[in-house]
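Student: The structure is given below, and queries will be raised subsequently.
The values are calculated or read from the model by the stated rules, or taken from the named source; none is laboratory data. This is a predicted model, so every value here is computed, not measured. Note that each Cβ is placed from the backbone with ideal geometry, even for glycine, and that neighbours are counted across all protein chains shown. For the accessible areas, the whole protein counts, side chains as well, though only heavy atoms, and no ligand, DNA or RNA atoms are used. Shrake-Rupley method; radii C 1.70, N 1.55, O 1.52, S 1.80 Å.
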Amino acid sequence: MNENQSNRRNFLKAGLTLSAATLVAPGAAIANVTEREDAFKIAVGPYLQTNFNNSMTILWLTNKNAAGWVEFGEQADQLNQKAYGKAELGLMQANSKLNAVTLNHLKPGTKYYYKIVSKEIKDFQPYKLTYGETVSSNVESFLNANQAKEEVSFVMMNDIHDRPESIPHLLGLVPAAQQDFVFFNGDIFDYQTDEKQIIDHMLQPCVDNFAKNTPFIYVRGNHETRGKFAREFAQYYMHVGHTAFTLGPVRFVIIDTGEDKEDAHPVYAGIVNFDDYRIQQAEWLKTEINSKEFKKAPFRVVLMHIPPRYSGDAHGPKHCTELFEPLLNQGKVDLVLSGHTHKYMVHQPDKNLNHYPLIIGGGPQKGTRTITKIKADKNKLVASMIDDSGKEVGTYTALRK
Ligand SMILES: [Fe+2]
């Protein structure tokens, strides 16, 4: 039972006692119940994100402004180390509901135990800060992957589109506990409205199903760029844009493909500039494919929401083909994983177009949803796409070139 459940149980107990009191003093009882519901607590988390460089970022949200930290160690009953969020200009992360604490210099292949702790900031006067209650999570654990491991495995989900029940359903077919990470390839939402949507439609199902113990990595789809909360969205994650990292025999390259319509389209109201953003990423990709890490990896896997081909002739997809496909071919990538079309498909390599296999996951409707699992060692990479009934609907095996 975690802290939230424990709070909930205490609250229910309090409710039972108070209902007896209601007979005597109804007004007082209602006031007490409201207070309990409003008690300081962990709103969601912890959830893990990492780029596998012997560091792990632990994120969580409280329901009120607080100061927080992580206690951790190599034994469950000995959390003898403490880490805080990144300080900016000498100020430690505090007076916020959002928490992101990165544990650095972890030992490869080592299991770590941790708990999150938050102390409510009840009143913040210039010269007197008043703390309230302190809450903490249960002790959780994660394995800090050895970057030089021989085998890597992960699953990809995409195009969930505000259907949080799809997350446990698909993970029920391929359990996350056996994976190094879970990858969300965009369009987990229809558009960004508020914090509650982020919690209810993604963070909570992730925490409930895997994210306290297995990290996830996330790249935006075109739908995450929409809505009034799109500019706050990224702060709930370690990163949601382009990045690259190595794990075992694979170099992973993640590209944020931006919007699908032209920047001047009336629905964007003149406040987006995805053309420049994609051009900057193409420059970055050019550097990446010439890097030592990219060149020496037995396999190179690229993850991007809008596929570099085969997703229609809207401006965004065409711009992705024009900018990224020549670089992906030049870099001799072994596999590209995408979403966006809502029609699952395995596109074979074509020596005149995409020189690499391209797997596009389905979704979001029942019967079209997929989870794609990938496993690679230094000689072979095997991808298998499973539909929401558990049937394999696509597969690809790549051998080391
Ligand atoms: Fe989508």
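Student: Go through VAL267, VAL272, VAL301 for me and flag whichever is of a type outside the set (Ser, Thr, Tyr) and closer than 22 Å to LEU381 by Cα.
Tutor: VAL301
Student: Right, ILE160: in contact (Cβ under 8 Å) with a residue 60 or more places away in the chain, open to solvent by less than 10 Å² (accessible area, probe 1.4 Å), more than 16 Å from the ligand (Cβ to nearest atom) and not polar (S, T, N, Q) or not?
Tutor: The answer is no for ILE160.
Student: Take the residues of segment 320-342 that are of a type in the set (D, E, K, R) and open to solvent by 30 Å² or more (accessible area, probe 1.4 Å): which is nearest to the ligand (Cβ to nearest atom)?
Tutor: Looking at the filtered set, the residue picked out is GLU322.
Student: Another question about this same structure. In segment 162-215, which residues are of a type in the set (D, E, K, R) and within 30 Å of TYR268 (Cβ to Cβ)?
Tutor: ASP162, ARG163, ASP187, ASP190, ASP194, GLU195, LYS196, ASP200, listed by residue number.
Student: Run down GLN93, GLN178 and say which single residue is out of contact with any helix residue (DSSP H, G or I) (no Cβ under 9 Å at 6 or more places or on another chain) and closer than 21 Å to ILE198 by Cβ.
Tutor: When all the criteria are applied, what remains is GLN93.
Student: May I pose another question? Take the residues in segment 299-319 that are over 25 Å from the mean Cα position of the chain (by Cα) and part of a helix (DSSP H, G or I), then tell me which one is surrounded by the most Cβ atoms within 10 Å (Cβ to Cβ).
Tutor: For segment 299-319, the residue satisfying everything is HIS319.
Student: When you go through (1) within 16 Å of the ligand (Cβ to nearest atom); (2) among the β-branched types (Val, Ile, Thr); (3) crowded, with 24+ Cβ neighbours inside 10 Å one by one for THR368, which number turns out not to apply?
Tutor: The failed condition is (3).
Student: A follow-up question, please. Can you tell me which of (1) open to solvent by less than 30 Å² (accessible area, probe 1.4 Å); (2) within 28 Å of ARG300 (Cβ to Cβ); (3) modelled with pLDDT of 95 or more is the one VAL117 doesn't meet?
Tutor: (2)
Student: Name the residues in segment 55-92 that are assigned to a loop (DSSP other than H, G, I, E, B) and either basic (Lys, Arg) or buried (at least 17 other Cβ atoms within 10 Å of the Cβ) (or both), would you?
Tutor: Those that are assigned to a loop (DSSP other than H, G, I, E, B) and either basic (Lys, Arg) or buried (at least 17 other Cβ atoms within 10 Å of the Cβ) (or both): LEU79, GLY85, LYS86.
Student: Pull up segment 163-201, narrow it to residues that are within 16 Å of the ligand (Cβ to nearest atom), in contact with a strand residue (DSSP E or B) (Cβ under 8 Å, 6 or more places away or on another chain) and not hydroxyl-bearing (Ser, Thr, Tyr), then point me to the one that is farthest from THR368 (Cα to Cα).
Tutor: PHE183
Student: If the requirement is being modelled with pLDDT of 95 or more and crowded, with 17+ Cβ neighbours inside 10 Å, which of these qualifies: LEU98, LEU18?
Tutor: One residue alone meets the criteria, LEU98.
Student: Now for a different question. Filter segment 34-54 down to the residues that are crowded, with 24+ Cβ neighbours inside 10 Å and hydroxyl-bearing (Ser, Thr, Tyr) and list them by number.
Tutor: TYR47, THR50
One line per residue, one yes/no per condition, for (1) more than 27 Å from PHE72 (Cβ to Cβ); (2) of a type outside the set (S, T, N, Q); (3) free of Cβ contacts under 8 Å to residues at least 40 places away in the same chain; (4) open to solvent by 50 Å² or more (accessible area, probe 1.4 Å):
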site: GLU232; (1), (2), (3), (4): yes, yes, no, yes
site: PRO266; (1), (2), (3), (4): yes, yes, yes, yes
site: ALA282; (1), (2), (3), (4): yes, yes, no, no
site: GLU288; (1), (2), (3), (4): yes, yes, no, no
site: GLU293; (1), (2), (3), (4): yes, yes, no, yes
